Amino acid sequence: MAALSAMTLSASASAAFRGGASSSKLNSRSKMTATMISSPRSRPSLTRRAVVSPRAAATPADKSNIVVIGGTGATGSECVVQALARGSKVTVLARTPSKLAQPPGTAGEANAGKPIADPNLTVIQGSVTNAADVAKCITKDTTGVIVSLGGKTKDVGPTMLTDGTRNVIEAMKQNDVKRVAVVTSIGAGDSADQAPFVFKILMSTVMRSIFTDKNNQEQLFLGPAGPGKDLEFCVVRPGGLGLGPPTGVVNVIEGEAGSIARADVADFCLGALFEEAFPYIGKAPCISSVGGTSWTKDRQGKGVMEA
């Protein structure tokens, strides 16, 4: 499935969403210790703080079994290769297994599009909307699950995100699996005001049905009666998505979103699965690497290729 953070924008909308951030800034591996960008809605005098990610001290890789739902997509494939790089066993549920390929961010442009060959990788053909297919992937040996679903509504239907994620929750409960990271989008749920102006227009027009499904998907965890509210979940809301290499910088923000590489989103999701004291369990953080306002907390660590 194509990974979705609802960022299927036109070229002009995408540029506006990223706030004109250059690719050189996105690829920077600097410490990025600087005063926040001011805006009428931002809090004064907030400062970015670099925090080293404790993921290295998390669950030993040789004991982890990760399931990636939507692993053939642009963000999901980043999750797959990064988990494999750390030695995890990875199971992918895919409607079209042949679409699973190396992503350009973590694997590099030279390897982008090549098959992922790893003895720790298992690919199961099936659909997330089929509970029996999901049950084949999530077992009692599963350490954690990443849900990175997407696709055009005309291809996958108007309720695929919600229906599929509900099946994931049920399979997790049946197998006593606790940790799950769910990639949605900036603008979903109570983050609507954090989306840039152009993106807000898209949310209420051409992307309206997608966001209805995304909002319902989030409520499976965030709603008072949501079936996933008792799981150790993290709903991840990334800003404008890019295909560049991991920068190692993920900023949790409360103001308008900036941009972020899909590879950094993947690293954040893996942190949600492996860091025992991950600070955003039970929450829905909005994340960016470049641009954005009202910084509340920075997490900076080595990219997976440097670890």
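The values are calculated or read from the model by the stated rules, or taken from the named source; none is laboratory data. All figures in this text were calculated on a predicted structure; none of them were measured in a lab. Ideal geometry is used to build each Cβ from the backbone, glycine not excepted, and the neighbour counts take in all protein chains shown.
Overview of values
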read-out: Any hit, the range 71-85, residues being farther than 24 Å from Phe274 by Cβ and within 20 Å of the chain's Cα centre (by Cα); value: no
read-out: 3 or more residues under 18 Å from Ser191 (Cα atoms) and either modelled with pLDDT of 95 or more or not polar (S, T, N, Q) (or both): qualifying strands (runs of 3 or more DSSP E) within the range 234-307; value: 249-253
read-out: Condition met for Gly271 (free of Cβ contacts under 8 Å to residues at least 12 places away in the same chain and either of a type in the set (Val, Ile, Thr) or under 26 Å from Phe199 (Cβ atoms) (or both)); value: no
read-out: Close pairs from the range 69-98: first more than 14 Å from Leu149 (Cα to Cα), partner among the charged types (D, E, K, R), Cβ under 8 Å, at least 6 apart; value: Gln82/Asp267; Leu84/Asp118; Gly87/Asp62; Val90/Asp118
read-out: Residues of the range 141-166 satisfying the condition of being surrounded by fewer than 18 Cβ atoms within 10 Å (Cβ to Cβ) and either within 20 Å of Leu84 (Cα to Cα) or touching a His at 6+ places or on another chain (Cβ under 9 Å) (or both); value: Asp141
read-out: Residue count for the range 229-250, restricted to those that are crowded, with 24+ Cβ neighbours inside 10 Å and farther than 23 Å from Ser77 by Cβ; value: 0
read-out: Test set (1) touching a helix residue (DSSP H, G or I) at 6+ places or on another chain (Cβ under 9 Å); (2) at pLDDT 95 or above - Ser98 fails condition number; value: (1)
read-out: Evaluation of Arg208 against (1) at pLDDT below 95; (2) in contact with a helix residue (DSSP H, G or I) (Cβ under 7 Å, 6 or more places away or on another chain) (one fails), failing number; value: (2)
read-out: Single residue of the range 251-279 satisfying the filter (over 15 Å from Cys79 (Cα atoms) and among the β-branched types (Val, Ile, Thr)) that is surrounded by the fewest Cβ atoms within 10 Å (Cβ to Cβ); value: Val252
read-out: Test: Leu46 is modelled with pLDDT of 95 or more, of a type in the set (A, V, I, L, M, F, W, C), touching a strand residue (DSSP E or B) at 6+ places or on another chain (Cβ under 9 Å) and surrounded by fewer than 24 Cβ atoms within 10 Å (Cβ to Cβ); value: no
read-out: Tabulated pairs, the range 211-232, first touching a residue at least 24 places away in the same chain (Cβ under 8 Å), second among the polar types (S, T, N, Q) and outside any loop (DSSP other than H, G, I, E, B), C-beta under 8 angstrom, 6+ apart or interchain; value: Asp213/Thr153; Asp213/Thr162; Asn216/Thr162; Gln217/Thr162; Gln217/Thr165; Leu220/Thr162; Leu220/Thr165; Gly228/Thr165
read-out: Hits in the range 115-134 - residues which are over 22 Å from the mean Cα position of the chain (by Cα) and of a type in the set (A, V, I, L, M); value: Ala117, Ala131, Ala132
